[in-house]
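Note sheet for the following structure.
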Amino acid sequence: MEERVQTQGSNKANATDRMAKLLAMAKPQKISNTIPIVRYYRSMIEAHRMAVSYMNSQDLERALVLLIRFCRDHIQAEEIKRSLRLKFENEAAEAKKSIHQAGQEFENASIAHVPEGSSAFVSSAETIAIRIINPGVNTSDISFPGLSAPSSSTNITNLSTKRGETPSAPHIDRSNKPNNVFHSVCGAVSNRVVLIPGDLIKKFLICAEDNTLRNIETCGTLCGTIIGCELVVSHVILPKQTGASDGCYAEGEEEVFAYQNKHDLITLGWIHTHPSQTAFLSSVDLHTHCAYQIMLNEAIAIVCAPTHNQVGTFVLSSYGMSVVESCTKAGFHLHPDAEKLFLEAEHVRYSGDLSITIVDMRH
């Protein structure tokens with residue numbers, strides 16, 4: 001018990017460290033020539049909108065990070081800094097007091113006072129209001145007659161392709177993924193849960209069916225709102241786009257932004273298909289998603305692979321963000337330690353009580 005209390009308390013015992021970690025999260029983002037300037041402009045609008053929402057809900061830590069990213073000398077950011085410093089100092093004093101008190105209680109406690117067969121602690125679970133379902137969507141009921149599914153023994157690296165530079169999925173050994181990767185992605189403020197409607201995958205695949213039959217990728221933008229402490233995906237916007245067997249490129253993003261502004265939607269990530277390959281992030285996908293995750297830590301990339309009945313919901317690891325941000329190569333290319341660059345998103349929940357809205361701007 002003493003160790004548990006000390007672990008919980010030590011996280012709040014140093015007010016200076018907490019503020020330093022928070023400000024480190026707000027450091028200016030690297031500017032990449034590969035990211036359209038209009039996307040940076042859009043992200044700043046969304047950052048300010050989210051900051052105001054957090055201030056209204058008294059989530060001052062996230063509000064401060066976004067305000068400083070929006071404008072380092074923002075007058076409200078200075079006011080929030082003062083409030084948080086006072087809060088951190090008070091919490092540090094309380095944490096130190098709790099640690100000391102727990103130590104005293106532990107020393108005075110006697111194991112003989114605990115009746116045999118009883119448990120000193122009883123775990124409890126809060127009832128979750130939203131019914132959560134598994135995202136493992138079976139796409140076998142969606143007809144794709146132009147494609148034949150490979151046998152279960154087929155190795156993705158042995159798939160034949162028409163184009164020599166079409167990427168293959170890197171070998172992913174999840175047993176070697178870095179410890180506490182999710183925490184390192186989050187930083188000082190933990191990631192919020194992203195709720196995804198349970199019907200999103202099936203509806204998106206229906207919209208992508210014509211392209212899938214022709215072995216062409218389809219992409220869309222995941223949009224939604226902040227509800228309490230959660231990010232809720234409510235819309236998938238399919239922009240005008242040009243696709244191929246190994247890539248998909250959005251066009252007319254201004255039209256997407258106009259729709260988002262009208263309906264007060266923020267960008268939460270993106271989704272695309274791999275018509276004939278497995279669910280993974282290619283080198284091009286990694287660069288695409290890096291731009292999303294720079295703007296929003298919780299941004300996700302959903303990859304649908306119909307012929308393999310696979311759906312992957314991914315984020316870049318902290319190592320992956322560092323590698324991809326520093327990479328200046330374009331097109332398909334190799335990255336070092338590819339298996340460590342991305343991982344399954346742990347902050348995502350698929351909900352059967354939510355329904356997705358598809359906005360198709362392709363026609």
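The values are calculated or read from the model by the stated rules, or taken from the named source; none is laboratory data. Owing to the predicted nature of the structure, the values given are computational and were not obtained by experimental measurement. Using ideal geometry, Cβ is built from the backbone for each residue, glycine included, and neighbour counts are taken over all protein chains shown.
Looking at GLY312, is it touching a helix residue (DSSP H, G or I) at 6+ places or on another chain (Cβ under 9 Å) and either modelled with pLDDT of 95 or more or not aliphatic (A, V, I, L, M) (or both)?
No; evaluated as a whole, the condition is false for this residue.
If you check ALA258, ALA301, ALA279, which single one turns out to be within 30 Å of VAL52 (Cα to Cα) and either touching a strand residue (DSSP E or B) at 6+ places or on another chain (Cβ under 9 Å) or touching a residue at least 24 places away in the same chain (Cβ under 8 Å) (or both)?
Every option except ALA301 fails the conditions.
Are there any strands (runs of 3 or more DSSP E) wholly within the range 187-292 with 2 or more residues that are more than 22 Å from PRO36 (Cα to Cα) and modelled with pLDDT under 90, and if so which?
219-227
Yes/no per residue for (1) assigned to a strand (DSSP E or B); (2) within 16 Å of the chain's Cα centre (by Cα); (3) modelled with pLDDT under 95; (4) outside the structural domain of LEU195 (by TED's automatic domain parsing):
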| residue | (1), (2), (3), (4) |
| --- | --- |
| ALA301 | yes, yes, no, no |
| TYR319 | no, yes, yes, no |
| ALA330 | no, no, yes, no |
| HIS333 | no, no, yes, no |
| GLU339 | no, no, yes, no |
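Test of understanding: among MET361, MET295, which residue is buried (at least 19 other Cβ atoms within 10 Å of the Cβ) and either out of contact with any Leu (no Cβ under 6 Å at 6 or more places or on another chain) or within 23 Å of ILE37 (Cα to Cα) (or both)?
MET295
Return the residues of the range 50-68 that are of a type outside the set (A, V, I, L, M, F, W, C) and part of a helix (DSSP H, G or I); say none if nothing qualifies.
Of everything in the range 50-68, those that are of a type outside the set (A, V, I, L, M, F, W, C) and part of a helix (DSSP H, G or I) turn out to be SER53, TYR54, ASN56, GLU61, ARG62.
Based on this model, can you work out whether ALA305 counts as buried (at least 20 other Cβ atoms within 10 Å of the Cβ) and within 24 Å of ASP59 (Cα to Cα)?
Spelling it out, it is not the case that ALA305 is buried (at least 20 other Cβ atoms within 10 Å of the Cβ) and within 24 Å of ASP59 (Cα to Cα).
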